[in-house]
Amino acid sequence: MFGFLSKYFSNDLAIDLGTANTLIYVRGRSIVLDEPSVVAIRLEGGPNAKKTIQAVGREAKEMLGKAPGSITVIRPMKDGVIADFTVTEQMLKQFIKKAHDSKLFSPSPRIIICVPSGSTQVERRAIRESALGAGASQVYLIEEPMAAAIGAGLPVAEATGSMVVDIGGGTTEVGVISLGGMVYAGSVRVGGDKLDEAIINYISRNYGMMIGENTAENIKKNIGSAFPGAEIKEMEVSGINKAEGIPRKFTISSNEILEALTDPLNQIISAVKSALEKTPPELGADIAEKGMVLTGGGALLRDLDRLLMEETGLPVIVADEPLTCVARGCGMALEKMDKLGSIFASD
């Protein structure tokens, strides 16, 4: 009786628990929460010293690199999987609380969570356990390329090959999908974070300047590109001069960022190429005709589609709103949960 009632009152959720951002989709509504996967933890001094959560999401992200010693800012997800278990559980709890407006019943929803296709059983179990710890009644896992393909509107259930390249914060997932299942799934641990890291290292090497993660991300968003374009953009950046130890401003151009990003981008290209090599010829013919779809935040990098087009010779399409693709796909899987059995990942 109560099981029936709680099912009636609790809204099922689909969660895209990403390295950079966490998105929550509520059944019957749409994406209700889109926040960075960052947690700020305060260490309280005194006799009964304990850790308390200071902030989660956007608020915590603004503290990155600016927090005093008593506050540690953690990104509990690394390379698409859980690096810090307890913090992830707390973060999920806070996010689920934000997504649920109802104060009357404590929600115990059914939850679908995306996992990287290359994640091990141990990592999958960690994700499942943390969702159960955050108050879920049942947890289903779905592989990211599958969710991204559903979200991008590809014909996953039909007997044609669809290829999706999902470039997230921590991983790049390449999937070939046909008849509601994954024919090939590859995952490399290169994503938006590695691109930021490459920019930080490049500036440190060539300019002798130290910049923070948030600055690197801004550079990537504003002037980053994956293919040499006609126009050269410039941007003024502040950092700390390593030799003098004094904050300085300097100007950096888009061509230099292009040079900085070549290494991580080459890893993404080789992942795509190895996926194409291992695709059965019949599905390969479909992909040659329809091309591949780019999703995830990395798809927003300027001219990335052109780079992949030049390298593979196949048509490349960037999905509409690539950032929310995986969460929307998860949501669609949630709406049709009882009909679609084959798309969920096993432990």
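The values are calculated or read from the model by the stated rules, or taken from the named source; none is laboratory data. Treat the numbers as computed from the prediction; the structure is a model and nothing was measured. Positions of Cβ are backbone-derived with ideal geometry, glycine not excepted, and every protein chain shown enters the neighbour counts. Side chains included, ligands, DNA and RNA excluded: accessible areas come from the protein's heavy atoms. Shrake-Rupley method; radii C 1.70, N 1.55, O 1.52, S 1.80 Å.
Quick notes on this structure:
- Remark on region 175-298: hydrodynamic radius 16.6 angstrom, per the Kirkwood mean of 1/r across alpha carbon pairs.
- Computing FRET efficiency as 1/(1 + (r/R0)^6) for residue 32 and residue 197, where r is the C-beta to C-beta distance and R0 is 25 Å, gives about 0.20.
- Computing semi-axes √(5λ) of the Cα gyration tensor in Å for the structure here picks out one of [x] 33, 31, 15; [y] 35, 22, 16; [z] 32, 25, 20, namely [x].
- The HN-Hα couplings worked out from phi for region 289-300 by the Karplus form 6.51 cos²θ - 1.76 cosθ + 1.60 (θ = phi - 60°) are 7, 8, x, 10, 10, 9, 10, x, x, x, 5, 7 Hz, whole numbers, x standing for Gly and Pro.
- Taking the Cα centre of region 189-234 as reference, the dipole from Cβ charges on Lys and Arg (+1) and Asp and Glu (-1) amounts to some 120 debye.
- Principal axis extents of the Cα atoms in region 12-155, from largest to smallest and rounded to whole angstrom, are 57, 38, 27.
- Solvent-accessible heavy-atom area per residue, rounded to whole Å², over the chain at 1.4 Å: 47
- Rounded to the nearest 10 square angstrom, residue 154 shows an accessible area of 40 square angstrom against a 1.4 Å probe.
- Highest-fluctuation residue, 23, 179, 294 considered, GNM on the chain with Cα pairs under 10 Å: 179
- Loop trypsin sites (Lys or Arg not before Pro), region 210-266 (other Cβ atoms within 10 Å of the site Cβ: 12 or fewer; DSSP): 242
- Within the shell defined by Cβ-Cβ distances under 10 Å, the residues around residue 117 carry a net charge of -4, with Lys and Arg each +1 and Asp and Glu each -1.
- For region 5-80, the Stokes-Einstein estimate of translational diffusion at 10 °C and a viscosity of 1.306 mPa s comes to 112 µm²/s, using the Kirkwood hydrodynamic radius over alpha-carbon pairs.
- Environment charge at residue 328 (Cβ cut-off 14 Å; Lys +1, Arg +1, Asp -1, Glu -1): -4
- Computed magnitude of the charge dipole of the chain (debye, nearest 20; Cβ of K, R +1, Cβ of D, E -1): 1300
- Net charge in the neighbourhood of residue 238 (other residues with Cβ under 12 Å of its Cβ; Lys, Arg +1, Asp, Glu -1) is +1.
- From phi via Karplus (6.51, -1.76, 1.60), per-residue ³J(HN,Hα) for region 267-278 in Hz, x at Gly/Pro: 5, 5, 4, 5, 5, 5, 5, 5, 5, 5, 5, 8
- Karplus-derived 3J(HN,Hα), 6.51/-1.76/1.60, for each residue of region 58-63, Hz, glycine and proline x: 4, 4, 6, 5, 5, 7
- Ranking by accessible area, most exposed first, for 142, 53 with a 1.4 Å probe: 53, 142
- Within a Gaussian network of the chain (alpha carbon springs, distance under 10 Å), most fluctuating of 137, 238, 178: 238
- The portion of the accessible surface of the chain made up by carbon and sulfur, rounded to a whole percent, is 52 (1.4 Å probe; DNA, RNA and ligands excluded).
- Pair residue 249, residue 98: separation of 7 Å Cα→Cβ label points (nm): 3.3
- Shape index of region 98-205: Rg/Rh, with Rg the Cα radius of gyration and Rh the Kirkwood radius from the inverse mean 1/r over Cα pairs, equals 1.08.
- Net dipole in debye of region 25-140 [+1 Lys, Arg Cβ; -1 Asp, Glu Cβ; about Cα centre; nearest 20]: 220
- Inter-label distance, nm, simple model (7 Å from Cα along the C-beta direction), residue 70/residue 320: 4.9
- Longest site-free stretch - the chain; sites: GluC sites (Glu not before Pro), DSSP loop, at most 10 other Cβ within 10 Å: 45-230
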